[in-house]
Amino acid sequence: MNEQLLTLATHTKAKARILKDILEKEGVSAYLEKVDDNDSAVENFYIKVKAADLTRAMAVIEANQLFSYSDQDTYKIDDGRRRILVAVDFSSYSIKACQVAFNIAQKTNAKVKILHVYNNIYFPSHIPFADNLKESPEEGLLNTTRKQMLSLCWDIDQKITDKEWPSVNYSYSIREGIVEEEIDNFVLEYKPFLLILGTKGSHANQNNFIGDVTADVIEMTNVPVLAVPAGIRVEDILKVKHIAILTNLQSREMTHFHKLVTILSLYSDIKITLVHIINPDRKKKREVWSEQELAQMKTRFIEKYKHFNIDYELIDSPDTTAALASFIEEKDVTVICLNTRRRNLFGRIFVPSVSRKLLERLNTALLVLRG
């Protein structure tokens, strides 16, 4: 067997055998190779095919929609581990999001699904410049997307082999449709405990596509979302030292804080600052007591989560984002965390959310919990 073999996915033994059988029934030779990972209690296997069969193998996987979590049979062979979903567009910053996903998966004993959504827009030939916008008939958008996904998986496997990335159970999925809607639909199906997205960050054109998509997904989905900007170092996210939590001083935030603690349960020596920003132009009488309320909230959190270093900060500023930017730089904040509710289309269009403003203007990782 002298032909080069490329990895299609990494699965548990049961799923790997099912995928191998389906591929071979369709005339695609498939090979299993055990993942050499002494740190994992679960046996994982690479599913590999010949380089010449890659496109056909991907078509078989897509046609069969294997291991869909909307299918109850999937749960019979599932290993029960938590799931992380990372959406990519094959840019450098979405690859950085993959690296973060793999490292968090290793720490939390989770598995990773890499999702790419392509939008196959048809441009009638009579539209000016249409030939420059649509894919050539020889290549085809789907085939181009498959090649990009395979190239990404090859790069990931190489980084795992070189010990640059941890070895975790991962697979991928390709969907067609409107990007933010398909990501939201996939979240409902796959049920990840965390969704990770890459974003260009504050130095990008404010009209950039991926930034808009990231903000829309955050406002649509119902799972915690970690937005990873292009300018941040992966090491800073993986060695979280200081998290700033934006708070509105509401009692229900204890529940949201517990979600954060669950995600960060394997990290140590983390400083957490409860940050409440008051707009002087909108100040109400009750906000005179904000500092007292913050101190009380800090006390409740310390009593419940003794292993964290918790403090609070009260900031008077008419500009929330500018105040945060100054605080982040001064206090060396790694991640901003906030809670937001799922918003309808009207709200997303006409009332920009805090998370959208932060994505546009800050270059810090943003963890959004759902209310």
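The values are calculated or read from the model by the stated rules, or taken from the named source; none is laboratory data. Model, not experiment: these values are computed from the prediction. All Cβ positions, glycine included, derive from the backbone under ideal geometry; neighbour counts span all protein chains shown. We work out accessible area using only protein heavy atoms, side chains counted, and drop any ligands, DNA or RNA first. Shrake-Rupley method; radii C 1.70, N 1.55, O 1.52, S 1.80 Å.
Worth a mention:
- Contacts under 9 angstrom Cβ, first residue in the range 22-34 being farther than 17 Å from GLN4 by Cβ, partner outside any helix (DSSP H, G or I) and open to solvent by 60 Å² or more (accessible area, probe 1.4 Å), 6 or more apart: LYS34/GLU43
- Listed conditions (1) touching a Ser or Thr at 6+ places or on another chain (Cβ under 6 Å); (2) surrounded by 17 or more Cβ atoms within 10 Å (Cβ to Cβ); (3) more than 29 Å from LYS15 (Cβ to Cβ); (4) at pLDDT 80 or above are all met by LEU246, apart from (1).
- Taking first residues from the range 299-312 that are open to solvent by less than 100 Å² (accessible area, probe 1.4 Å) and of a type outside the set (Ser, Thr, Tyr) and partners that are in a helix (DSSP H, G or I) and modelled with pLDDT under 75, no Cβ contact under 6 Å between residues at least 6 apart in sequence or on separate chains turns up.
- Yes/no for GLU330 being out of contact with any helix residue (DSSP H, G or I) (no Cβ under 8 Å at 6 or more places or on another chain), open to solvent by 50 Å² or more (accessible area, probe 1.4 Å), under 22 Å from VAL240 (Cβ atoms) and charged (D, E, K, R): yes
- Test for LEU32: is it open to solvent by 50 Å² or more (accessible area, probe 1.4 Å), of a type in the set (A, V, I, L, M) and at pLDDT 85 or above: yes
- Only one of the listed residues (GLU235, GLU219) is surrounded by fewer than 14 Cβ atoms within 10 Å (Cβ to Cβ), modelled with pLDDT of 75 or more and under 17 Å from the mean Cα position of the chain (by Cα). That residue is GLU235.
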